[in-house]
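Comments concern the structure below.
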Amino acid sequence: MSNIINKIMKIPEPVRQGMFFGLNSGVITTTGLIAGISQTFTNPLYIIISIVSLAISDGFSEAYGLYISKKAEKVSDDSINPFYSFVSLLITKALIVLSFLIPFIFSKKLTYFKNLAWPFIWGALLLFILDYHLSEIRDESFFHYYIPHLVILVTVMGLSKYFSKIIMRLE
């Protein structure tokens, strides 16, 4: 495993920052979206369209937000590093968000989305990988990152599901 950690450490810092940010954000926002929307509509196209739209809009929004933030953080920095963060976040976020569509390759059934098994298991696995690598490169406890991530994941999914059901009752 140290070989993987060495490779991660060789990734330029701005690219690594974008990748870690994109993976984290992609998992949390997509699981929240799926938890909410899958409780309302029965047509798989609504989920597919929503996830593709999220990959595009949230990917560009967060990537450019990080770019602007890095420019504001170091006003005298005129390097290309903020652009590297922009590109790596955009690509990582889009790929992570779109990865939640994998079940649709095999079936158009919404069972795995409605019961939230797929988004939770896939999201927890991706966060496990992220947190493992982060804890290794920082030489810190894995659980220091993974437990809060799971709490956030469950909270976002639970609140999204809860409020979507309440809103659907208003119809």
### Message
Can you say whether residue 157 is in a helix (DSSP H, G or I), more than 14 Å from residue 24 (Cα to Cα) and in contact with a Pro (Cβ under 8 Å, 6 or more places away or on another chain), as far as the supplied structure shows?
### Response
yes
### Task
Would you check if there is a residue in region 21-35 being open to solvent by 60 Å² or more (accessible area, probe 1.4 Å) and either touching a His at 6+ places or on another chain (Cβ under 7 Å) or part of a loop (DSSP other than H, G, I, E, B) (or both)?
no
### Query
Can you pull out the residues in region 49-87 that are among the acidic types (Asp, Glu) and open to solvent by 70 Å² or more (accessible area, probe 1.4 Å)?
73, 78
### Query
Mind checking whether some residue in region 149-160 is open to solvent by 70 Å² or more (accessible area, probe 1.4 Å) and touching a Ser or Thr at 6+ places or on another chain (Cβ under 8 Å)?
no
### Summary
Note on region 123-137: residues farther than 15 Å from residue 22 by Cα and in contact (Cβ under 8 Å) with a residue 40 or more places away in the chain are 136, 137
### Message
Condition (residue is over 17 Å from residue 35 (Cβ atoms), in a loop (DSSP other than H, G, I, E, B), free of Cβ contacts under 8 Å to residues at least 12 places away in the same chain and of a type in the set (Lys, Arg)) applied to region 57-71: is it met by at least one residue?
### Response
no
### Message
Quick check on my filter: what residues within region 132-148 are outside any helix (DSSP H, G or I) and open to solvent by 60 Å² or more (accessible area, probe 1.4 Å)?
### Response
139, 140, 141
### Any hit, region 128-151, residues being under 13 Å from the mean Cα position of the chain (by Cα) and among the aromatic types (Phe, Trp, Tyr)
yes
### Message
Going residue by residue through region 42-56, is there one that turns out to be under 28 Å from residue 121 (Cα atoms) and either among the basic types (Lys, Arg) or assigned to a loop (DSSP other than H, G, I, E, B) (or both)?
### Response
yes
### Message
Go through region 104-121 and report how many residues are in contact with a helix residue (DSSP H, G or I) (Cβ under 7 Å, 6 or more places away or on another chain), open to solvent by 20 Å² or more (accessible area, probe 1.4 Å) and assigned to a helix (DSSP H, G or I).
### Response
3
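The values are calculated or read from the model by the stated rules, or taken from the named source; none is laboratory data. Being a predicted model, the structure only gives us computed values, none of them experimental. Every residue, glycine as well, gets a Cβ built from its backbone with ideal geometry; the counts of neighbours run over all protein chains shown. All accessible areas refer to the heavy atoms of the entire protein, side chains included, with ligands and DNA or RNA removed. Shrake-Rupley method; radii C 1.70, N 1.55, O 1.52, S 1.80 Å.
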